[in-house]
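The values are calculated or read from the model by the stated rules, or taken from the named source; none is laboratory data. Every value quoted in this text rests on a predicted model; they were computed, and no experiment measured them. Backbone-built Cβ (ideal geometry, glycine too); neighbour counts: all protein chains shown.
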Amino acid sequence: MSKTINFSKAEFITSVKQKENILVDKPCVAFLGRSNVGKSTLINLLVRNNNLMKTSKTPGLTKLINYVLIDNFFYLVDLPGYGYASQARDYFGDLINSFIFSNSALRKIYLLVDSRRLLMPADITFIESLHNNNISLSIVFTKIDKLNASDRHFLNIQSEKLSDETLFYVSSKNLSSIDKIRKDIINSISFN
Ligand SMILES: Nc1nc2c(ncn2[C@@H]2O[C@H](COP(=O)(O)OP(=O)(O)OP(=O)(O)O)[C@@H](O)[C@H]2O)c(=O)[nH]1
Ligand SMILES: [Mg+2]
C-alpha cells in the first residue's frame, strides 16, 4: 500500500453498547482478552498517547466497544474484557459475539494474554471459535516486564505449543515490539 499510516493521528469516535450500532463504514482490527490484560494500554502505546483510552488497575473498566479512528482510514477497537465476575455475562457475550462473528468490517483480532497467567479456558474457547470461523488472529502476550525466570520458562513452553500462531510480546515499559504490531495491523487492513 502506498499510503503511510500515522498512528499518532488517532481520534476517539464512539462507544457502542448495542450490536445494531457496530460500525461498518471502515475496516477495523480489535483487541480482545480477559479483563486487565492490558488492551486499553496497548491501544495507547500504538497511538503514542497515554491518555486516549482509560486504563485501570481494577478489572472490568472497559464496558463498551470503543472505536478509535486511525489516520481517517481504519479503526482500532477496544473490546470489554471477559472473565470478570461482576459483569453481566450474557449481555457482554452477546455484544462481543456479534462484533466478532457477524462483522463485515472486522479484519483481525489481537487476543491479549497476560504473560504471567498464560492462556485461560476462556481464551482457548475464543481461539478455537476464531479458527472455526476463519477469522484472522494473533496472540499478544502482555506485561513481559513483570516476568521472573520461572514465568519466562512457562511462557516459552506455551509459545512452543502455539507454533501455528503469530505471537507478539509487549510491555508498556519497553516499546520495541510496538512497531511490529503497527506493521501487522497495516498488513491486515491492506490485504484483507
Ligand atoms: N507493568 C505493566 N503493567 C501493565 C502493562 N500493560 C498494562 N499494564 C497495567 O495493567 C492494568 C490494566 O491495564 P488496562 O489496559 O486497563 O487493561 P484492559 O485489558 O483494558 O482492562 P479492562 O478494560 O478491564 O478489560 C493497568 O494498571 C495498566 O497500567 C505492561 O505491559 N506492564
Ligand atoms: Mg480496558
Segment 51-69, residues that are more than 8 Å from ligand 1 (Cβ to nearest atom), in contact with a helix residue (DSSP H, G or I) (Cβ under 7 Å, 6 or more places away or on another chain) and within 20 Å of N21 (Cβ to Cβ): I65, V68
Every pair of residues 6+ apart whose Cβ atoms lie under 9 Å, when the first sits in segment 119-133 and is more than 15 Å from V37 (Cβ to Cβ) while the second is aliphatic (A, V, I, L, M) and part of a helix (DSSP H, G or I): S129/I100; L130/I100; N133/I100
Output for segment 11-41, where each listed residue is surrounded by fewer than 21 Cβ atoms within 10 Å (Cβ to Cβ), more than 13 Å from ligand 1 (Cβ to nearest atom) and not charged (D, E, K, R): F12, I13, T14, V16, Q18, N21, I22, L23, V24, P27
The lone exception for T62 - which of (1) surrounded by fewer than 21 Cβ atoms within 10 Å (Cβ to Cβ); (2) modelled with pLDDT under 95; (3) of a type in the set (S, T, Y) it fails: (1)
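Collect the residues in segment 103-121 that are farther than 23 Å from N156 by Cβ and in contact with a strand residue (DSSP E or B) (Cβ under 9 Å, 6 or more places away or on another chain), keeping them in residue-number order. It would help to see each step written out before you state the result.
Of segment 103-121, the ones farther than 23 Å from N156 by Cβ are 103-109.
N103, A105, L106, R107, K108, I109, listed by residue number.
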N44 more than 6 Å from ligand 1 (Cβ to nearest atom), without any contact (Cβ under 8 Å) to a residue 12 or more places away in the chain, not hydroxyl-bearing (S, T, Y) and not in a helix (DSSP H, G or I): no
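Examine segment 79-89 for a residue that is crowded, with 17+ Cβ neighbours inside 10 Å and at pLDDT 90 or above, and state whether such a residue exists. I'd like the intermediate steps shown before the answer.
Of all residues in segment 79-89, those crowded, with 17+ Cβ neighbours inside 10 Å come to 79-84, 87.
Retained after the next criterion (residues that are at pLDDT 90 or above): 79.
There is at least one residue in segment 79-89 that is crowded, with 17+ Cβ neighbours inside 10 Å and at pLDDT 90 or above.
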